Amino acid sequence: MDKSKSKQIRKESRRVATSGDIEVSTYLEIAKEISGEQPITPKEAVPPAKRETIIVIDFGSQYSMLIARRVRECQVYCELLPYDTPWEKIASLNPSGFILSGGPASVYQPDAPLAPTYIYESHLPILGICYGMQILTHQLGGKVSPGTKREYGHAILHLSDADSPLFADLPPSSPVWMSHGDKIEEMPPAFATLAYTENSPIAVMGNDEGIFGLQFHPEVAHTPEGKTILKNFVYRVCGCQGNWTMGNFINESIAKIKKQVGKGKVISALSGGVDSAVVATLIHWAIGDQLTCIFVNNGLLRREEVERTFNTFRLNLGMNIIYVDASQRFLNRLKGVTDPEMKRKVVGEEFIKVFEEEAEKIGKVDFLAQGTLYPDVIESTSSVTSASAKIKTHHNVGGLPAKMTLNLLEPLRYLFKDEVRQVGLELGLPEEMVWRQPFPGPGLAIRIIGEVTKEKLEILRNADWIVMNEIKKAKLYRQLWQSFAILTDVKSVGVMGDYRTYGYLVAIRAVTSEDAMTADWSRLPYDVLARISNRIVNEVPEVNRVVYDITSKPPSTIEWE
Ligand code: XMP
């Protein structure tokens with residue numbers, strides 16, 4: 001699909017926060033919940049302090065988003081904005097400094113993106129990273145030479161001016177990660193070399209006005225001192241104090257939601273996933289019973305998920321929840337459907353129908369709350385070639401029909417996933433809900449190869465329960481991005497006692513990942529795999545063979561469908 005069209009669709013479809021993040025808990029956690037947790041009482045909102053912001057100007061590097069995350073890890077709010085963002089928008093964010101990201105272009109290309117002049121006119125500190133450094137050089141009167149060969153990989157950075165504020169607490173030499181073609185041949189007037197590597201005599205440059213350039217990537221894990229450099233820039237050069245905490249965020253959000261909603265009514269879809277849980281809790285803290293959550297049981301959830309979600313929100317948090325058991329409706333719609341994309345479509349459409357029907361029963365509603373996160377926002381606003389082509393139509397359940405003319409309430413719109421989890425913890429949500437692994441909107445339907453039936457769902461639930469249980473017992477749950485079972489449509493011959501069996505093949509998938517765009521299969525210990533396999537073939541009679549998926553993404557995807 002061409003990009004403008006996909007943007008258009010994004011704008012038109014209003015997403016419902018049901019995607020992602022439902023999972024199953026261990027018996028112990030369930031028992032803890034059933035025994036009743038302390039009810040959580042919302043605290044009074046205090047007025048927000050003026051927020052400091054660092055702006056990352058995005059020139060299309062695959063690491064741009066990572067820069068923003070790293071800055072926020074230093075407790076300073078950071079937004080990523082396209083290089084053609086108007087000054088008015090930037091000014092409204094009260095910037096304390098700019099970071100110019102890397103990018104694939106070369107400053108000498110005819111249409112090379114450059115920094116807007118207001119960045120220099122603002123007299124605020126600037127840190128150019130990689131292509132960002134080349135832009136600084138080019139625009140401030142230095143010379144960039146086209147690299148004859150790309151420098152890519154590890155290098156050792158040696159400080160030539162250890163007194164630079166950028167280098168506080170840094171050792172004289174440390175590893176850095178290089179990835180650039182062009183390099184700086186001549187610095188702009190009044191700039192000095194602050195550090196070098198074997199291949200880059202000007203690996204770091206700076207002037208007395210607080211403008212710096214780095215030839216390497218401080219934001220990646222391969223540059224172990226990178227975070228200190230970024231921290232030095234925001235604190236020592238930009239003068240930030242560090243007021244971006246999740247406690248402040250909660251207070252600001254509550255005040256904002258109260259103001260935005262007034263006496264209005266809000267609906268929200270609850271899935272049990274962390275995003276929708278945090279959205280609902282935050283809004284509940286702000287406006288209490290003006291919020292109604294709709295929790296649709298699509299019959300495609302994992303074992304005990306429904307009870308657990310319901311208990312947490314209704315019993316422990318005391319929220320208004322409409323629970324709809326629509327499992328049979330979904331099953332009827334899925335009858336005979338084997339194509340993965342069709343499954344997604346069917347589940348999405350049915351969800352919208354149920355949601356809409358329930359919403360109508362509530363009467364007049366003014367707002368729809370959604371768990372949109374910052375990476376979604378960035379992806380839909382980036383003016384630079386957006387990296388991530390979607391291979392599967394997913395990550396959300398679907399768009400609400402246009403006739404539901406509701407205003408959107410998206411309190412997590414500027415948060416990264418790890419921040420959402422922190423907010424969840426601060427709001428007092430149960431740890432196992434906050435740390436739950438992502439779970440796809442179409443649920444178990446895309447983990448059953450072929451037609452979805454009630455019987456197959458039960459087989460998969462039983463096998464999946466064992467996987468989750470053993471992974472949690474081995475204390476591997478949080479390290480893994482996802483771990484689950486797949487019910488294949490393969491049957492194979494086995495032997496049990498004196499009998500020949502002919503049973504299902506179950507596959508186990510366990511992956512590590514940062515963001516689901518790429519993933520590696522986890523090297524689970526053999527004894528964990530052995531326990532999972534033994535238990536499945538012993539406790540799930542329909543299954544007589546278990547295999548482990550040892551493919552990474554790409555070329556595979558995390559889900560099998
Ligand atoms: P893949 O399989 O594309 O999945 O590697 C990447 C991440 O997305 C999740 N996923 C989905 N989430 N609706 C969702 O809400 C979907 O249709 C869907 N398909 C995949 C998957 O679990 C993984 O975390």
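The values are calculated or read from the model by the stated rules, or taken from the named source; none is laboratory data. Note that the structure is a prediction, hence the values are computed from the model and not measured. Note: ideal-geometry Cβ built from the backbone for every residue, glycine included; neighbour counts use all protein chains shown. For the accessible areas, the whole protein counts, side chains as well, though only heavy atoms, and no ligand, DNA or RNA atoms are used. Shrake-Rupley method; radii C 1.70, N 1.55, O 1.52, S 1.80 Å.
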(request) Go through region 195-214 and give me each residue that's modelled with pLDDT of 95 or more, open to solvent by 30 Å² or more (accessible area, probe 1.4 Å) and over 19 Å from Q139 (Cβ atoms). (result) Y196
(request) Go through region 328-352 and give me each residue that's over 14 Å from P442 (Cβ atoms) and touching a residue at least 24 places away in the same chain (Cβ under 8 Å). (result) Q328, R329, K335, G336
(message) Within region 484-529, take every residue that is modelled with pLDDT under 95 and within 13 Å of the ligand (Cβ to nearest atom) and give me the one that is farthest from G450 (Cα to Cα).
(response) E514
(request) Would you mention how many residues in region 523-561 are among the charged types (D, E, K, R), open to solvent by 30 Å² or more (accessible area, probe 1.4 Å) and touching a Phe, Trp or Tyr at 6+ places or on another chain (Cβ under 8 Å)? (result) 2
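Among the candidates G318, G336, which residue alone is small (G, A, S), more than 26 Å from the chain's Cα centre (by Cα) and within 23 Å of K258 (Cα to Cα)?
It is G318.
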(request) From the list A326, A286, A277, pick out the single residue that is crowded, with 17+ Cβ neighbours inside 10 Å and touching a Phe, Trp or Tyr at 6+ places or on another chain (Cβ under 8 Å). (result) A277
(request) All but one of (1) at pLDDT 95 or above; (2) crowded, with 23+ Cβ neighbours inside 10 Å hold for A192, so report the exception by its number. (result) (2)
(message) Please go through (1) open to solvent by less than 80 Å² (accessible area, probe 1.4 Å); (2) over 29 Å from the mean Cα position of the chain (by Cα); (3) among the acidic types (D, E) for D520 and return the number of the only condition it doesn't satisfy.
(response) (2)
(request) Collect the residues in region 542-561 that are within 16 Å of the ligand (Cβ to nearest atom) and either within 15 Å of L460 (Cβ to Cβ) or not in a strand (DSSP E or B) (or both), keeping them in residue-number order. (result) D549, I550, T551, S552, P554, P555, S556, T557, I558, E559, W560, E561
(request) Quick one: in region 339-373, of everything that is farther than 25 Å from T281 by Cβ and among the aliphatic types (A, V, I, L, M), which residue is surrounded by the fewest Cβ atoms within 10 Å (Cβ to Cβ)? (result) M342
